[in-house]
Amino acid sequence: LQMESLMRKALEQGEFELFFQPIVDTTSGRVMAAEALLRWNNPVLGLVMPDRFIPLAEETGLILTIGEWVINEALLEAAHWRREIGLELQVAVNVSPRQFRDAGFLDRISRALEAANMPADTLELEVTERLILDNSIETADILKQLDQRGIRLSVDDFGTGYSALSYLKSYPFNTLKIDKSFVHDVLKEAEDASLVRAIINMAHSLGLRVIAEGVEEEAQSHFLQTEGCDCSQGFFYGRPMSSQAFSHWLQTNG
Ligand code: G
Ligand code: G
Ligand code: MN
Ligand code: NA
């Protein structure tokens with residue numbers, strides 16, 4: 001209850017902050033994109049991680065205003081990377097089902113792109129299989145409209161949901177993000193290696209880009225490179241960083 005009332009004030013008090021984690025080309029190591037990850041700095045609660053407040057934000061509907069702030073802020077940051085650092089990077093934003101299904105969602109995204117004066121394909125929306133598998137006409141229609149506007153779409157945490165693979169052929173996704181649970185033991189468990197290899201091959205034969213998440217070691221990166229995984233993300237390349245730290249990281253790693 002306290003958490004909810006604190007969260008209601010958090011936006012106007014400026015307590016939310018976006019962190020950014022690099023997504024690199026597996027072969028060249030070049031940074032291609034960054035995932036925006038929300039943080040909440042509250043004077044009473046301290047630093048609150050998203051797993052602790054996103055569910056409540058979804059329940060209360062606060063995710064709508066928070067999510068709008070996230071998309072605006074992420075695009076403004078991408079504009080900064082382009083204008084101040086000279087790098088055209090995509091920015092990936094996590095979108096929860098409630099936010100996605102809200103009637104004003106498409107308009108908010110269009111306004112955010114206009115405000116930042118950035119092309120639509122700068123933005124990649126990460127959705128989970130939980131959203132996709134509701135199989136509603138509504139979801140299919142929003143995905144189609146986003147795609148038609150040039151916004152990129154990715155499946156987050158791929159492989160952890162109730163994977164009904166049929167949606168991959170009918171929905172306009174650009175990217176599959178292999179969940180970090182598969183990447184974690186890719187060198188220790190033959191089954192994980194097989195799954196990762198199979199996901200990469202399947203994605204490519206469907207014309208999708210693949211990002212491996214949770215890459216923590218050079219040997220994992222090497223395996224992914226050998227298997228032709230397009231992009232990688234994880235502590236090995238860079239942790240989620242404050243916008244200032246990320247800009248600094250780009251100056252030396254971009
Ligand atoms: O580092 P990390 O603890 O940031 O993220 C934990 C989880 O919170 C991830 O599953 C991520 O998708 C989710 N998350 C992070 N930022 C956001 C956000 O802005 N919106 C939504 N809906 N989920 C987020
Ligand atoms: O669910 P989603 O993929 O959006 O969340 C990304 C989550 O993964 C964030 O909580 C982020 O901090 C975390 N993360 C990013 N890189 C790594 C990594 O290399 N190892 C681990 N264990 N977690 C990571
Ligand atoms: Mn994500
Ligand atoms: Na993920």
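The values are calculated or read from the model by the stated rules, or taken from the named source; none is laboratory data. Keep in mind that this is a model prediction, so the values were computed, not measured. Note: ideal-geometry Cβ built from the backbone for every residue, glycine included; neighbour counts use all protein chains shown.
Numbers at a glance
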quantity	calculated
Condition met for Leu208 (at pLDDT below 95 and within 16 Å of ligand 4 (Cβ to nearest atom))	no
Residue satisfying all of: in region 151-179; β-branched (Val, Ile, Thr) and buried (at least 17 other Cβ atoms within 10 Å of the Cβ); farthest from Gln220 (Cα to Cα) among these	Ile151
Selection within region 180-229 - of a type in the set (Val, Ile, Thr) and buried (at least 21 other Cβ atoms within 10 Å of the Cβ)	Val183, Val186, Val196, Ile199, Val210, Ile211, Val215
Helices (runs of 4 or more DSSP H) enclosed by region 136-195 - at least 1 residues per element that are in contact (Cβ under 8 Å) with a residue 40 or more places away in the chain and within 17 Å of the chain's Cα centre (by Cα)	137-148, 180-184
Candidate set from region 198-221 (those that are out of contact with any Lys or Arg (no Cβ under 6 Å at 6 or more places or on another chain), part of a loop (DSSP other than H, G, I, E, B) and within 15 Å of ligand 2 (Cβ to nearest atom)); member that is nearest to Phe182 (Cα to Cα)	Val215
Matching residues, region 77-134, being in a strand (DSSP E or B), modelled with pLDDT of 95 or more and polar (S, T, N, Q)	Gln90, Asn94
Qualifying residue in region 238-249 (condition: over 20 Å from Glu73 (Cβ atoms) and surrounded by 15 or more Cβ atoms within 10 Å (Cβ to Cβ))	no
From the options Leu76, Leu47, Leu56, Leu62, residue that is over 24 Å from Phe173 (Cβ atoms) and within 16 Å of ligand 2 (Cβ to nearest atom)	Leu47
Odd one out for Gln90, checked against (1) touching a residue at least 12 places away in the same chain (Cβ under 8 Å); (2) of a type outside the set (A, V, I, L, M); (3) farther than 27 Å from Leu176 by Cβ; (4) away from ligand 1 (no atom under 15 Å from the Cβ)	(3)
Complete set of residues in region 137-170 that are closer than 15 Å to Ile199 by Cβ and within 16 Å of ligand 3 (Cβ to nearest atom)	Ser154, Val155, Asp156, Asp157, Phe158, Gly159, Thr160, Gly161
Pick from region 104-152, criterion in contact with a strand residue (DSSP E or B) (Cβ under 6 Å, 6 or more places away or on another chain) and within 16 Å of ligand 4 (Cβ to nearest atom), ranking: farthest from Leu64 (Cα to Cα)	Arg152
Residues of region 123-174 satisfying the condition of being on the phi > 0 side of the Ramachandran plot and more than 16 Å from ligand 1 (Cβ to nearest atom)	Asn135, Gly150
Unique residue being in contact (Cβ under 8 Å) with a residue 60 or more places away in the chain, surrounded by 14 or more Cβ atoms within 10 Å (Cβ to Cβ) and either at positive phi or assigned to a strand (DSSP E or B) (or both) when the list is Leu18, Leu38	Leu18
